[in-house]
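Visitor: Structure below; questions to follow.
The values are calculated or read from the model by the stated rules, or taken from the named source; none is laboratory data. Note that the structure is a prediction, hence the values are computed from the model and not measured. Here the Cβ positions follow ideal geometry from the backbone for every residue, glycine too, while neighbour counts run over all protein chains shown.
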Amino acid sequence: MAADASQLDRLFATIAARKGADAASSWTAKLLAGGAPVCARKLGEEAVETVIAATQGDTEATIAESADLLYHWLVLLAALEIDPADVYAELARREGRSGLDEKAARKPT
């Protein structure tokens, strides 16, 4: 199987299918049962682990932690009932635009 970004869509479909499954039988179901706050905390933990691996120059660990990060990002999207296609559309909207211009155009939060 070729490795490409379509794997994210397949993984998201698997994650979404586990929503409402027995939390004792699936890590994904357990995360989703905890709701968005649990999923968001786990995503944050994986982000920190990715940063640590990268700053230590550990390529293998950065790859592994990045995979964990993407998985947990998709779990959070599923918990929030956000289709990854909506995120892809936002990225497409920003394509070709300077990151500095894009940030300047955002409303202050």
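Visitor: Answer yes or no as to whether K107 is among the charged types (D, E, K, R), touching a residue at least 24 places away in the same chain (Cβ under 8 Å), assigned to a loop (DSSP other than H, G, I, E, B) and surrounded by fewer than 18 Cβ atoms within 10 Å (Cβ to Cβ).
Guide: No.
Visitor: While we're on this one: Do any residues in region 48-74 that are over 28 Å from A33 (Cβ atoms) have Cβ atoms under 7 Å from those of residues that are modelled with pLDDT of 95 or more and among the acidic types (D, E), where the two are at least six apart or on different chains, and which pairs are they?
Guide: Within 7 Å, the pairs are A53/E65.
Visitor: Right, next: Tell me which residues, restricted to region 1-33, are farther than 17 Å from I82 by Cβ, touching a helix residue (DSSP H, G or I) at 6+ places or on another chain (Cβ under 8 Å) and surrounded by 15 or more Cβ atoms within 10 Å (Cβ to Cβ).
Guide: Selection gives A23 alone.
Visitor: Now for a different question. Does T50 qualify as being of a type in the set (S, T, N, Q) and surrounded by 17 or more Cβ atoms within 10 Å (Cβ to Cβ)?
Guide: yes
Visitor: Continuing with the same structure: Determine the pairs where a residue that is without any contact (Cβ under 8 Å) to a residue 24 or more places away in the chain, located within region 5-23, has a partner that is surrounded by 13 or more Cβ atoms within 10 Å (Cβ to Cβ) with Cβ atoms under 6 Å apart, the partner being 6 or more residues away or on another chain.
Guide: Correct list of pairs: R18/S26; R18/T28; R18/A29; A21/A29; A23/A29; A23/K30; A23/A33.
Visitor: Taking the criterion of being out of contact with any Leu (no Cβ under 9 Å at 6 or more places or on another chain), more than 24 Å from A5 (Cβ to Cβ), at pLDDT 95 or above and part of a helix (DSSP H, G or I), would at least one residue in region 67-76 satisfy it?
Guide: Within region 67-76, none of the residues are out of contact with any Leu (no Cβ under 9 Å at 6 or more places or on another chain), more than 24 Å from A5 (Cβ to Cβ), at pLDDT 95 or above and part of a helix (DSSP H, G or I).
Visitor: Given (1) within 13 Å of the chain's Cα centre (by Cα); (2) more than 26 Å from E81 (Cβ to Cβ), identify the lone condition not met by E46.
Guide: For E46, the exception is condition (2).
This table checks each residue for (1) under 17 Å from F12 (Cβ atoms); (2) among the basic types (K, R); (3) not in a loop (DSSP other than H, G, I, E, B).
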residue	(1), (2), (3)
K42	yes, yes, yes
A47	no, no, yes
A53	no, no, yes
A78	yes, no, yes
I82	yes, no, no
V87	yes, no, yes
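Visitor: Exactly one condition in (1) part of a loop (DSSP other than H, G, I, E, B); (2) touching a Pro at 6+ places or on another chain (Cβ under 8 Å) is not met by D4; state its number.
Guide: Of (1) part of a loop (DSSP other than H, G, I, E, B); (2) touching a Pro at 6+ places or on another chain (Cβ under 8 Å), only one is false for D4: (2).
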